[in-house]
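A short write-up of the structure that comes next.
The values are calculated or read from the model by the stated rules, or taken from the named source; none is laboratory data. Keep in mind that this is a model prediction, so the values were computed, not measured. Every residue, glycine as well, gets a Cβ built from its backbone with ideal geometry; the counts of neighbours run over all protein chains shown. The accessibility values were calculated without ligands, DNA or RNA, using every heavy atom of the protein model including side chains. Shrake-Rupley method; radii C 1.70, N 1.55, O 1.52, S 1.80 Å.
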Amino acid sequence: MFNETDEEANDGIRQRRKRATAEAILEAARLEFEAVGFDQANLRAIAAAANVSAGSVVHHFGSKKNLLHAAFFEDLEAVLARAMGGPGPAPLERQLARLTRAVFDYYRGRPTLSRTLLETSLFAPPPWRERFTGQVARVHTHVAALGARAAQRGELRGDADLARFGAAYLSFYYFALLGWAQGAVEDPAAMVDGLVEQHLEGLRPRGETP
């Protein structure tokens, strides 16, 4: 008979196998969506590439749209974790540029997948709507915190509205992202950098430059 330690060990093995299977499916899905687009992507082809059954894909993710959202969400989580990890280089513009370019480098690496997701993630059903909203909220909090530290270093005025600054950054980001998705903006990260720099001029201590 298994003792409690054996049961816990077996449960750990099962969980690791489950995560490994899910990751294999997600990576196969990313490649399939990027290669043929969402409409033409086939769950059986994704399953075959992941070396699992089509039933296993449905068991883990339920539908092709859920799989699309999961593939994007997990990727973006990893990108944001790297970009927001650690204080990064000062001054503030460099810290924000690091975050901006990390995200846009991901989009540009998977342009078909990213453009498809833009069409679906803004109006995603639960639970993906809440998860994407949570990601945006974390970025807003992170940017506001960067602004607070910049104010402590004397880069920004002490009375700067940092919550509004975080919202401004996100508005610049989405404006550039939509322009890129429509083919009107070649370098969206550079556009965000320029808009941020212009906005920060109004938040500098008077008579000082960074």
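Mind checking which residues of the stretch 146-177 are of a type outside the set (S, T, N, Q), under 17 Å from H199 (Cβ atoms) and without any contact (Cβ under 8 Å) to a residue 12 or more places away in the chain?
A151, D159, D161, R164, Y174
Taking into account only those residues within the stretch 172-210 that are hydroxyl-bearing (S, T, Y) and assigned to a helix (DSSP H, G or I), which is surrounded by the fewest Cβ atoms within 10 Å (Cβ to Cβ)? Step through it out loud before you land on a result.
Taking the stretch 172-210 first, the residues hydroxyl-bearing (S, T, Y) are 173-174, 209.
When the remaining residues are screened for being assigned to a helix (DSSP H, G or I), the result is 173-174.
Numbers: Y173: 24, Y174: 14.
In this case the residue turns out to be Y174.
Starting from residues that are assigned to a helix (DSSP H, G or I) and free of Cβ contacts under 8 Å to residues at least 12 places away in the same chain, keep the ones in the stretch 36-47 and report whichever is surrounded by the fewest Cβ atoms within 10 Å (Cβ to Cβ).
Step one: list which residues in the stretch 36-47 are assigned to a helix (DSSP H, G or I), which gives 36, 43-47.
Imposing the further condition that a residue be free of Cβ contacts under 8 Å to residues at least 12 places away in the same chain reduces the set to 36, 44.
Details: V36: 13, R44: 10.
In this case the residue turns out to be R44.
Filter the stretch 161-171 down to the residues that are within 16 Å of L118 (Cα to Cα) and either among the aromatic types (F, W, Y) or open to solvent by 40 Å² or more (accessible area, probe 1.4 Å) (or both) and list them by number.
S171
So which pairs qualify, if the first residue must be in the stretch 118-129 and closer than 14 Å to A71 by Cβ, the second must be of a type in the set (K, R) and outside any loop (DSSP other than H, G, I, E, B), the Cβ gap must be under 9 Å, and the two must be at least 6 apart or on different chains?
Going by the 9 Å Cβ cut-off, the qualifying pairs are T120/K65; S121/R129; A124/K65; A124/R131; W128/K65.
Hey, does the stretch 49-70 have a residue that's modelled with pLDDT under 95, touching an Asp or Glu at 6+ places or on another chain (Cβ under 6 Å), open to solvent by 40 Å² or more (accessible area, probe 1.4 Å) and not hydroxyl-bearing (S, T, Y)?
Within the stretch 49-70, none of the residues are modelled with pLDDT under 95, touching an Asp or Glu at 6+ places or on another chain (Cβ under 6 Å), open to solvent by 40 Å² or more (accessible area, probe 1.4 Å) and not hydroxyl-bearing (S, T, Y).
For the subset of the stretch 114-127 comprising residues that are open to solvent by less than 30 Å² (accessible area, probe 1.4 Å) and more than 13 Å from the chain's Cα centre (by Cα), which member is farthest from G179 (Cα to Cα)?
The extreme case among them is A124.
Within the stretch 156-169, is even one residue under 20 Å from the mean Cα position of the chain (by Cα), among the acidic types (D, E), modelled with pLDDT of 95 or more and in a loop (DSSP other than H, G, I, E, B)?
No: the stretch 156-169 contains no residue that is under 20 Å from the mean Cα position of the chain (by Cα), among the acidic types (D, E), modelled with pLDDT of 95 or more and in a loop (DSSP other than H, G, I, E, B).
With the condition kept exactly as written, say whether any residue in the stretch 139-160 is surrounded by 14 or more Cβ atoms within 10 Å (Cβ to Cβ), closer than 25 Å to E34 by Cβ and in contact with a Phe, Trp or Tyr (Cβ under 9 Å, 6 or more places away or on another chain).
Within the stretch 139-160 (the criterion being surrounded by 14 or more Cβ atoms within 10 Å (Cβ to Cβ), closer than 25 Å to E34 by Cβ and in contact with a Phe, Trp or Tyr (Cβ under 9 Å, 6 or more places away or on another chain)), the answer is yes, since at least one residue qualifies.
Condition first: at pLDDT below 90, open to solvent by 40 Å² or more (accessible area, probe 1.4 Å) and more than 18 Å from A148 (Cα to Cα). Now tell me which residues in the stretch 71-95 satisfy that.
The answer is E74, and nothing else.
Could you tell me whether any residue of the stretch 20-34 is among the charged types (D, E, K, R), closer than 27 Å to L170 by Cα and open to solvent by 60 Å² or more (accessible area, probe 1.4 Å)? First the steps, then the outcome.
Narrowing the stretch 20-34 to residues among the charged types (D, E, K, R): 23, 27, 30, 32, 34.
Those left that are additionally closer than 27 Å to L170 by Cα: 30, 34.
Okay, now just the ones that are also open to solvent by 60 Å² or more (accessible area, probe 1.4 Å), so none.
Scanning the stretch 20-34, I find no residue that is among the charged types (D, E, K, R), closer than 27 Å to L170 by Cα and open to solvent by 60 Å² or more (accessible area, probe 1.4 Å), so the answer is no.
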